[in-house]
Amino acid sequence: MASVTSSATSPPRYFWIFLCLIIVSCLLLFLVPWRLWADFTDAVHLLPSSTASQSFSKTLNNSTIEELLHNISRQVKVPGVDCAAIFEGSKNETDAARAMTRNVSSPISDACYLNITENCDDFKKQRGYIMSSLTDEEEQFPIAYSILVYKDSEMVERLLRAIYRPQNFYCIHVDQKASNDCFEAITSIAKCFPNVFLASRRISVAWGWFTVLEPEIVCMEDLWKYRKWKYFINLTGQEFPLRTNHELVKILMAFQGAVDVSSSVKALDRRRLRGRNPPHGLRPAKGSVHIAANREFVDFVLHNQTSKDLLNWGRKIKFADETYFAMLSSNPKLGIKGTDKGDPENNHGWESFVRYKSWKWGPCAGYYVRKICILSTGDLPRLGKSIQMFANKFYLQEDRVVIGCLEEKIFNDTRDEYMGTKVFDTTLYQNATFIKNKFD
């Protein structure tokens, strides 16, 4: 009887088995995750630090960029032409290149640009655009460009490719008289880049009149909303750089805020004023439309009433493009930051690093149009030694070698700068008179 009572009050055997299973399960649930977490933390300690990871990533990126720059240099090499020898002045190589100036490469038509820009990623890769700022210095110093265009979309695109960086800004004004095919080709190119755009207004440009200057003002207005750029440079579609983007940045940094605008009071032909005196008692002057200007100068152009009055006066005279910027730069009473504090005749005058131009009285291996040399292959030795930023002007359809060799040099120099095998000395630019006498 006692045994029966004990059996009735003791837990059944299966209860203890069930309890043991629960305890074992709980131990497993606790111990396994702990071991996994310990293994995980051990693994984390074996991973590279964030600095090491960044360094590895940077090395990988640098390696990729180096390869890209080498590929672009190979891509733009002019076939059958020894550009380096021509830059050094070799008569034999220059004569040999002159025999193939028009057929050294195949022209790219407007219709072709419409086709190859349908896929923008492929277009940028095929044409060899540099989609990296390359250096911190360049990234921190964006440049704004206006490019005035009226023909030859291939020349415009090759200019853009040579100066393109993702941190810069580009406003392209296509003359209202340009063909529809040209306009559509330029439009198709611009749409492939977030920092390249067409001017908000199109002007029908007439040589010698205010309409030459007007597109510059339109592009300044359009570029003003982008707050990061440091300097503004204006170009035309028939010009080409003589300096890499890094060299341009180094030159502009050497300016220390100075405005590079050539000007002369003595050189002005007063008949151009058509009997009209400038407003606000400003001293008339003659200079170049080609400028490298800081943001403060552009701000004055767009927003100061004196500047607006001067612009309206420019509508009534001839060659306002050669007067307007020169007068803003050479009237010290305006006190524009970066402009000359003294007499431009003594301090600045025609000293300028913005543009290489060979006038009627200068050397020219090509021929002259309106007293300006149309540069050609024979001019390459002088262009290679020039201290200027850009050269004016070229006819691509007549000489494809000169642009090809300049292109080859620009991309080779860009590659060598990035590799650390080429160094650019800015001493010459730092010692310019117009920098020493600027308004701060």
What's the ranking of 119-132, 223-236, 314-327 by average number of surrounding C-beta atoms within 10 Å, highest first? 314-327, 223-236, 119-132
Could you run the Karplus curve 6.51 cos²θ - 1.76 cosθ + 1.60 with θ = phi - 60° over segment 410-418 and give me ³J(HN,Hα) per residue in whole Hz, x for Gly and Pro? 4, 6, 5, 5, 4, 4, 5, 4, 5
Pull up all non-local amide H partners of F240: gap of 5 or more, or a different chain, and H-to-H distance under 5 Å with H placed in the peptide plane. A391
Between N312 and F424, 0.36 nm times their residue separation minus their Cα-Cα distance comes to what? 36.1 nm
Would you mind getting me the FRET efficiency between H280 and D416? Use the beta-carbon distance for r and R0 = 51 Å, nearest 0.05. 0.55
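Can you give the FRET efficiency to the nearest 0.05 for N431 and D343, using r as the Cβ-Cβ distance and R₀ = 25 Å?
0.85
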Student exercise, segment 60-436 dipole from Lys, Arg, Asp, Glu Cβ charges, in Debye to nearest 20: 1620
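Under a Cβ-only charge scheme (Lys and Arg +1, Asp and Glu -1), can you give me the dipole magnitude of segment 204-302 about the Cα centre, in debye to the nearest 20?
Working: 15 positive and 10 negative charges, 82 e Å.
Taking the Cα centre of segment 204-302 as origin, the dipole is about 400 debye.
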Average projected area [Cα convex hull, segment 161-297], square nanometres: 10.1
With labels modelled as points extended 7 Å from the Cα through the Cβ direction, what inter-label distance (nm, one decimal) is found for K77 paired with K266? 5.1
Karplus-derived 3J(HN,Hα) from phi for segment 67-83 (6.51 cos²θ - 1.76 cosθ + 1.60, θ = phi - 60°), whole Hz, x at Gly and Pro, runs 4, 4, 5, 5, 5, 5, 4, 5, 5, 8, 4, 6, x, x, 10, 8, 4
Return the long-range amide H neighbours of A365 (sequence gap of 5 or more, or a different chain), with a cut-off of under 5 Å between placed amide H atoms. S376, D379
Extending each Cα 7 Å along its Cβ direction at N103 and E139, get the distance between those two points in nm, one decimal. 4.7
Taking N as the number of residues in segment 308-423, what is its alpha-carbon radius of gyration divided by 2.2 N^0.38 Å? 1.37
Just want to confirm a number: the relative contact order over segment 60-436, from Cα pairs under 8 angstrom separated by 6+ residues, in percent. 21
Starting from 0.36 nm per residue, how many nanometres of slack lie between E184 and N92 once their C-alpha separation is accounted for? 29.0 nm
Amide proton proximity set for V265, modelled H, under 5 Å, gap of 5+: K286, E345
Expressed in nanometres to one decimal, the distance between label points 7 Å along Cα→Cβ at K177 and D121 is 4.2
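If you take every DSSP beta bridge whose two residues both sit in segment 60-436, what share of them, in percent to the nearest 5, is antiparallel?
The antiparallel fraction comes to roughly 45 percent.
None of the figures in this text is laboratory data; all of them are computed from the coordinates on show. Computed from a predicted model, the values in this text were never measured in an experiment. Neighbour counts are summed over all protein chains in view; Cβ atoms, including those assigned to glycine, are modelled from backbone coordinates with ideal geometry.
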